[in-house]
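Just below is one structure, and these are the notes that go with it.
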Amino acid sequence: RRSGQYTMNHDHSKKIPDGASFDRSGSQDSLDELSMDDYWKELENIHETRGNNHEERVALVVKEPDEGELEEEWLKEAGLSNLFGESSGDSLESMVLLSTLTRTQKAAVQKRIETVTQTMRKKNKQHQIPDVRDIFRLQNDSKGKVCDESEPSTVRTSENKTETHDGTKGPKFSLGTDEQKSLLEDMPSSDTDINLEISFAEQAVNLRDSSAGKMYKGGGGDTLLPNFRLPKDKTGTTKIGDLAPQDMKKVCSLALIELTALYDILGTEFKQQKAVKIKTKDSGLFGVPLSVLLEQDQKKVPGTKIPLIFQKLIAQIEETTLETEGLLRIPGVATRVKGLCQELEAKFYEGTFNWENVKQHDAASLLKLFIRELPQPLLTVQYLKAFQDVQNLPTRKQQLQALNLLVILLPEANRDTLKVLLEFLQRVIDHRDKNKMTLKNVAMVMAPNLFTFHGFGSKTIEQSEFVMAAGTANVMRFMIQYQKLLWTIPKFIVNQVRKQNTESQKKEKKDKAMKKLLKKMAYDREKHEKQEKTPNDTDVPQGVIRVQAPHLSKVSMAIQLTEELKAGDIVARFLSQKSGNVQTLKKEEVFLYEIGGNIGERCLDDDTYMKDLYQLNPNAEWVIKPKQS
């Protein structure tokens, strides 16, 4: 057994490629040889634990997909599978989605459709094979204009009211025009401001085409992590969890298309991996799929979103104190950890496990073991490689943008668990003066647990281990440092969802009118005229909204919109109307929601300027209610 001696291992640090992002400034944010040593030590601990674990593990096989298979899978996930195959007739939804895409997003879709089409022709599949030009021609005809590839792309999210093509007034989410380049140039301190209004891939094109792209390369270099920030958005910042499921599904499709477009522009291959299904444990704690764990946990505690054992291990580590030196770095005693693991499997759900005997370093080792033992990695088989490849993107900002889209793409259980983990790691770092665990140390220790996955045929992983080490540690560092930004849904994507909803509603209206013909059309026109006059309520004058609050003592109020009125002000106004017989809710328990119109449902942040949002979605209803957990 190796001693706990903390030595510098210069051999390892020499082998790390020059391209790795090393910061030599000596600041707590920099990566240096000592912290790389943490990475190799952690890896050694992991191998040692595996060596002790005599049970035969089934390694997850990652299948090499056939030609065109990946692209077919991609189109399915992007919500575009009905453009080809047996269901190719019913492609209305796909057409609506295509009509909202930016130029770079369209190019990414086109590239994948072409590959699938060629593969189908080779295999001579019987069902209808559309020509990619027809798909985009169809979609352009339905919009009434053909998109010329030489046109500047549409990515600026302007929200002024304009005539829509059926003549009615409505909010416009053109996704941009000529002003886009000057808009990017006008952005103050653009190195650290994250622009969520313009598609990331379009920003990459502009950066590449402008001289700035040649000057600013933030990937490697000796700089500290920039202090990235989100400029305030008057229509409110949308976080993951703020939208209704049907809109979140659209967000995921768009995030996949956008991420692929970004990787295409930057010349990095975006390859999703595919796991072959293997037999996994259907009960227990360690080595059990997240979905199975949550299913058994929800029987104990309804509504559980994070595995109970995961929550308990974090609580156990925090209970002692986060000031312990070397927390997360110093491993527990391997034999003791193995014994605890078996005892937990037997007693955790019975409630008979004695937590008082668990030492803090052992609990930390169990937490890391839990992450490593998941039958599929926390970052998923599908996207693990894409997370690793973030390190290859040219600028720090682009790395952050890609991580943002990848977090959106994770399944809910994985995303929620990752969020709890990153928040915990930040709390450990907050005590760095005492525990000596800086951002770089924590990233070094945690990277091997999230990124070296036993199922990926460990040979390939270990051959490229040295190349990966600094890179994945950097990605880990990014995820911890910028976690608040990563859980934000970019505004350009939310606006594309609004546009899709608006287009779908228009098409639905047209279809209904056609079916019921004259009688129905006359009724629709009458109803439509009424709606035009009163977007919300028959008794609500222009510039006033009606807010409902079924859970509060004051259940409804007409609110006059002013330039400065924010969502938080409206909630405060309702809460100040106290009445004895209604259960009192605290400010942090209730939120104002935007419901209907061009969005399913969206929870508003307190700083949302209501007049700006009303102009973006005049047909919404406004309801104050508690947030669903």
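The values are calculated or read from the model by the stated rules, or taken from the named source; none is laboratory data. None of the values given here were measured: they were computed from a predicted structure. Cβ: placed from backbone, ideal geometry, glycine included. Neighbour counts: every protein chain shown. Heavy atoms of the whole protein, side chains included, go into the accessibility calculation; ligands, DNA and RNA do not. Shrake-Rupley method; radii C 1.70, N 1.55, O 1.52, S 1.80 Å.
Out of L379, L400, I need the residue that is modelled with pLDDT of 90 or more, crowded, with 21+ Cβ neighbours inside 10 Å and in a helix (DSSP H, G or I). Which one?
Result of the check over L379, L400: L400.
I'd like to know if region 292-306 contains one or more residues that are buried (at least 17 other Cβ atoms within 10 Å of the Cβ) and over 18 Å from L418 (Cα atoms).
Looking for residues that are buried (at least 17 other Cβ atoms within 10 Å of the Cβ) and over 18 Å from L418 (Cα atoms), one finds at least one in region 292-306, hence yes.
For region 352-366, how many residues are modelled with pLDDT of 90 or more and surrounded by fewer than 20 Cβ atoms within 10 Å (Cβ to Cβ)?
Looking only at that region, the number is 7.
Does region 286-297 contain at least one residue that is of a type in the set (G, A, S) and at positive phi?
yes
Restricting to region 422-450, and then to whatever is under 17 Å from L485 (Cβ atoms) and modelled with pLDDT of 95 or more, can you tell me which residue is most open to solvent (accessible area, probe 1.4 Å)?
Across region 422-450, the extreme among qualifying residues is E423.
Please verify whether region 512-521 includes one or more residues that are at pLDDT 65 or above and either outside any helix (DSSP H, G or I) or surrounded by 16 or more Cβ atoms within 10 Å (Cβ to Cβ) (or both).
Yes, region 512-521 contains at least one residue that is at pLDDT 65 or above and either outside any helix (DSSP H, G or I) or surrounded by 16 or more Cβ atoms within 10 Å (Cβ to Cβ) (or both).
Which residue, of R372, R415, is touching a residue at least 24 places away in the same chain (Cβ under 8 Å), open to solvent by 10 Å² or more (accessible area, probe 1.4 Å) and within 23 Å of L225 (Cβ to Cβ)?
R415
Being surrounded by 16 or more Cβ atoms within 10 Å (Cβ to Cβ) and among the β-branched types (V, I, T) is the filter here, so list the residues in region 307-332 that pass it.
I309, I314, I317, T324, I330
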